[in-house]
2 protein chains.
Amino acid sequence: MSKKKEDLLHTSEILFYDHGFHSIGLKKIVTESGIAMMTLYNHFASKEELIMNVLQRREDRYMDHLNFFTNLLDEGTSHSAFVRIAVAHCRWLNDYASKGCLFLRAKEEYGATSDHPIVVKVNEHKYRLKQFIQSSDTSRSPEEVISLCLLLEGATALSESENTDTVVQQTIKMAERLFG
Amino acid sequence: MSKKKEDLLHTSEILFYDHGFHSIGLKKIVTESGIAMMTLYNHFASKEELIMNVLQRREDRYMDHLNFFTNLLDEGTSHSAFVRIAVAHCRWLNDYASKGCLFLRAKEEYGATSDHPIVVKVNEHKYRLKQFIQSSDTSRSPEEVISLCLLLEGATALSESENTDTVVQQTIKMAERLFG
DNA sequence: CTTTAGATAGAACGATCATTATAATTACAC
DNA sequence: GTGTAATTATAATGATCGTTCTATCTAAAG
């Protein structure tokens, strides 16, 4: 991966996350990156493809994060897999995502047509997360899987209007009560 | 309230909710409403003020909805106030809000400056909801208030990627378990 | 050194944006 | 019916959008 391309993806993700997709122009992105416009178009065919790559990159990091911390918490604690996922998600929230879910935001801004590539990618991401949760503990019922999904989405959304520390603390308490 | 103004607010809310605030132009709104552009500017000083009025109108309807159904459920059930709020919110979700929270979406799209009028209005809305929850049962602890907020936000967010009926069913189950 | 590929700045494209000006038309109160 | 206010259609404003073109420049590889 070219360093320029990586820089563009990094800067784009920050700007999109802070201001939304439609309100950030490509000019702002290249200016902020200190990279020429034609270099952006050399790496990405369009703004839409840039967004797709930003989402893919963030999904990879999120899933890696979830995998790493649920495995890390595996040893030495009596927490169930579901509680560990909640804790790992809260850590992600606290470190990288106190302004909502970038995927849902993308879906909302491009939600006109449900077959839009961006919308498809977001749906796939949510499905992947659900599968990850299900496969982390196959003894859990579909209802319990939905419950954990709801808890994670709730934590993400609530930290947009409420102190993240408070949300994280309460989320873990609820996870322990529901899945402990 | 002028009928034209009401029509504009109605159409704007639908379009903004379906496509986002930045991606909907005023031209689309007046075309869809069958109303002249100058009439829009006669009723609203700017797009920002139109959005503020859309949010205010939706907040009023949401709070009326919550008030009405929590009171309705009051008689004849053994549900706690917190469970009744969850049920009322789920009904709103099912009827009007299966594509996320319009307020959070506004905050996300205009979240650049935290003193932006739209952001301020959204923060006030979330605070108002929290106060409503707290005052519905003063015996509940601050932690329990946060828990219910998280449950409501989670239900709203999850119904963007999961069948709303499923989300509603599970949300009520969780509310009964947590606050029954 | 020469070649080749990638990166640069800047201008230009047509489209769309929010907003305003103009002028004609409708509707309603007195 | 006359006058006042609201609504209309249309065009124009200047700004910004995504995208492309051109032409110069840098950097690395042979």
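The values are calculated or read from the model by the stated rules, or taken from the named source; none is laboratory data. Predicted model, so just to flag it, every value in this text is computed and none were measured. Every residue, glycine as well, gets a Cβ built from its backbone with ideal geometry; the counts of neighbours run over all protein chains shown. Surface accessibility is based on the protein's heavy atoms, side chains included, excluding ligands, DNA and RNA. Shrake-Rupley method; radii C 1.70, N 1.55, O 1.52, S 1.80 Å.
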### Query
With respect to residue A:46, is the statement that it is at pLDDT 95 or above and either open to solvent by 50 Å² or more (accessible area, probe 1.4 Å) or within 26 Å of residue B:19 (Cα to Cα) (or both) true?
yes
### Task
Would you please list the contacts, defined by Cβ atoms under 7 Å and residues six or more apart or on different chains, that run from a residue in the range B:1-18 that is within 12 Å of chain A (Cβ to nearest Cβ) to a residue that is assigned to a loop (DSSP other than H, G, I, E, B) and within 14 Å of DNA strand C (Cβ to nearest atom)?
B:15/B:24; B:16/B:24; B:18/A:112
### Task
Just name the residue that is surrounded by the most Cβ atoms within 10 Å (Cβ to Cβ) out of those in the range B:49-60 that are within 10 Å of DNA strand C (Cβ to nearest atom) and away from chain A (no Cβ under 14 Å).
B:50
### Task
Just name the residue that is nearest to DNA strand C (Cβ to nearest atom) out of those in the range B:20-42 that are open to solvent by less than 50 Å² (accessible area, probe 1.4 Å) and in a helix (DSSP H, G or I).
B:26
### Message
Just to be sure before I move on: is residue B:87 more than 16 Å from DNA strand C (Cβ to nearest atom), in contact with an Asp or Glu (Cβ under 8 Å, 6 or more places away or on another chain), part of a helix (DSSP H, G or I) and more than 14 Å from chain A (Cβ to nearest Cβ) in the structure I sent?
### Response
no
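Every residue, every condition in (1) within 14 Å of DNA strand D (Cβ to nearest atom); (2) under 14 Å from residue B:102 (Cα atoms); (3) more than 19 Å from the chain's Cα centre (by Cα); (4) of a type in the set (A, V, I, L, M), yes or no:
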{"site": "B:5", "(1), (2), (3), (4)": "yes, no, yes, no"}
{"site": "B:12", "(1), (2), (3), (4)": "no, yes, no, no"}
{"site": "B:15", "(1), (2), (3), (4)": "no, yes, no, yes"}
{"site": "B:20", "(1), (2), (3), (4)": "yes, yes, no, no"}
{"site": "B:27", "(1), (2), (3), (4)": "yes, no, yes, no"}
{"site": "B:32", "(1), (2), (3), (4)": "yes, no, yes, no"}
{"site": "B:35", "(1), (2), (3), (4)": "yes, no, yes, yes"}
{"site": "B:41", "(1), (2), (3), (4)": "yes, no, yes, no"}
{"site": "B:47", "(1), (2), (3), (4)": "yes, no, yes, no"}
### Breaking point among (1) away from DNA strand C (no atom under 16 Å from the Cβ); (2) assigned to a helix (DSSP H, G or I); (3) within 13 Å of the chain's Cα centre (by Cα), for residue B:99
(2)
### Task
Search the range B:132-158 for residues being under 15 Å from the mean Cα position of the chain (by Cα) and more than 9 Å from chain A (Cβ to nearest Cβ), and hand back the single one that is most open to solvent (accessible area, probe 1.4 Å).
B:132
### Query
In the range B:49-69, what residues are within 15 Å of DNA strand D (Cβ to nearest atom) and either of a type in the set (Asp, Glu) or without any contact (Cβ under 8 Å) to a residue 24 or more places away in the chain (or both)?
none
### Query
Do we have residue A:12 as open to solvent by less than 70 Å² (accessible area, probe 1.4 Å), in contact with a Leu (Cβ under 7 Å, 6 or more places away or on another chain) and among the small types (Gly, Ala, Ser) here?
yes
